[in-house]
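Take a look at the structure set out below.
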Amino acid sequence: MALKAISTTALPLRQWPAPGEWTYQDYLDLPDDGNRYEIIWGELYMMTPAPSTRHQRISRNLEYAFWDYIQEHNLGEVLYAPCDLVIEPGATPVQPDILFISRERLEIITEKNVSGVPDLLVEILSAGNPYYDRVTKFRLYEQAGVPEYWLIDPDVRTIEVFVLRDTKYQLWGRFGPDETATSTVLSGFGIIVNHIFPSE
């Protein structure tokens, strides 16, 4: 999902925080203007534009595959955007495309949000701003200690899986269209990469 840092001049007149000082409460105070926002390290970002139909189909297909496997093995819970993920201090909040929370850690799911570190996160790259998911969120999730991070590139039909090793992400695998993407967190799970992409 493409995002851009925004100026408070684009928001209704009131005393908004300075850049770098935004909090989750400030996020909750934002107007219901039809936009989706994220806050990373105190900076406010606006998601723009809305997800494409291709993006939505990819997210749906992978989420269904995760859900079937996780339900079959009673492993936990799968959630998907829009869902607020709050990881203090960096993410207040962000909205990953897909989240997996293991059965042992379901208490981090609250009525309003997920408040804590999920076991696995997925982001689908946007042609408009791949840097945001590849660098900004990559660093955020790495520093927060998210055990596994999936990056999906719709343009080249790949899935990159990163796993946390000694506080740093290492590439577990870069899986092409006819390959089976696997997970260290969801042991035994696999999906042929092409199966998550809609027919062109």
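The values are calculated or read from the model by the stated rules, or taken from the named source; none is laboratory data. From a predicted model like this one, the values you see are computed outputs, not experimental measurements. In this analysis, Cβ positions are derived from the backbone assuming ideal geometry, glycine residues included, and neighbour counts consider all displayed protein chains.
Residues checked against (1) in a helix (DSSP H, G or I); (2) modelled with pLDDT of 95 or more; (3) outside the structural domain of residue 80 (by TED's automatic domain parsing):
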{"position": "131", "(1), (2), (3)": "yes, no, no"}
{"position": "136", "(1), (2), (3)": "yes, no, no"}
{"position": "140", "(1), (2), (3)": "yes, yes, no"}
{"position": "152", "(1), (2), (3)": "no, yes, no"}
{"position": "155", "(1), (2), (3)": "no, no, no"}
{"position": "161", "(1), (2), (3)": "no, yes, no"}
{"position": "171", "(1), (2), (3)": "no, yes, no"}
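Table: residues versus (1) at pLDDT 95 or above; (2) assigned by TED's automatic domain parsing to the domain that holds residue 117; (3) not in a loop (DSSP other than H, G, I, E, B).
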| site | (1), (2), (3) |
| --- | --- |
| 38 | no, no, yes |
| 58 | yes, yes, yes |
| 64 | yes, yes, yes |
| 82 | no, yes, no |
| 92 | no, yes, yes |
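Contact list please: Cβ distance under 6 Å, first residue in the stretch 137-148 and under 11 Å from residue 91 (Cα atoms), second residue crowded, with 20+ Cβ neighbours inside 10 Å and hydroxyl-bearing (Ser, Thr, Tyr), pairs at least six apart or on different chains. Sorted first by the residue in the stretch 137-148, then by its partner, the pairs are 141/149. In the stretch 175-198, how many are more than 24 Å from residue 56 (Cβ to Cβ) and free of Cβ contacts under 8 Å to residues at least 24 places away in the same chain? Looking only at that region, the number is 2. Within the stretch 94-107, restricting attention to residues that are among the hydrophobic types (A, V, I, L, M, F, W, C) and buried (at least 18 other Cβ atoms within 10 Å of the Cβ), the residue that is nearest to residue 47 (Cα to Cα) is 94. A count restricted to the stretch 16-36 and to residues that are modelled with pLDDT of 90 or more and under 25 Å from residue 125 (Cβ atoms) stands at 2.
Please go through the stretch 173-200 and pick out each residue that is assigned to a loop (DSSP other than H, G, I, E, B), farther than 23 Å from residue 105 by Cα, out of contact with any strand residue (DSSP E or B) (no Cβ under 7 Å at 6 or more places or on another chain) and not charged (D, E, K, R). Across the stretch 173-200, the qualifying residues are 177, 197, 198, 199. Residues in the stretch 177-199 that are over 21 Å from residue 118 (Cα atoms) and in contact with a Ser or Thr (Cβ under 6 Å, 6 or more places away or on another chain): 192 only.
Taking the criterion of being more than 21 Å from residue 73 (Cα to Cα) and not in a strand (DSSP E or B), the residues of the stretch 98-129 that qualify are 110, 111, 112, 113, 116, 117, 125, 126, 127, 128, 129. Does residue 125 qualify as being closer than 23 Å to residue 61 by Cα, at pLDDT below 95 and out of contact with any His (no Cβ under 8 Å at 6 or more places or on another chain)? Judged against the criteria, residue 125 is a match.
Against the condition over 20 Å from residue 58 (Cα atoms), in contact with a Ser or Thr (Cβ under 7 Å, 6 or more places away or on another chain) and modelled with pLDDT of 95 or more, how does residue 146 come out, does it pass? For residue 146, the condition - over 20 Å from residue 58 (Cα atoms), in contact with a Ser or Thr (Cβ under 7 Å, 6 or more places away or on another chain) and modelled with pLDDT of 95 or more - is not met. Of everything in the stretch 126-137 that is in contact with a strand residue (DSSP E or B) (Cβ under 9 Å, 6 or more places away or on another chain) and surrounded by fewer than 18 Cβ atoms within 10 Å (Cβ to Cβ), the residue that is nearest to residue 184 (Cα to Cα) is 134.
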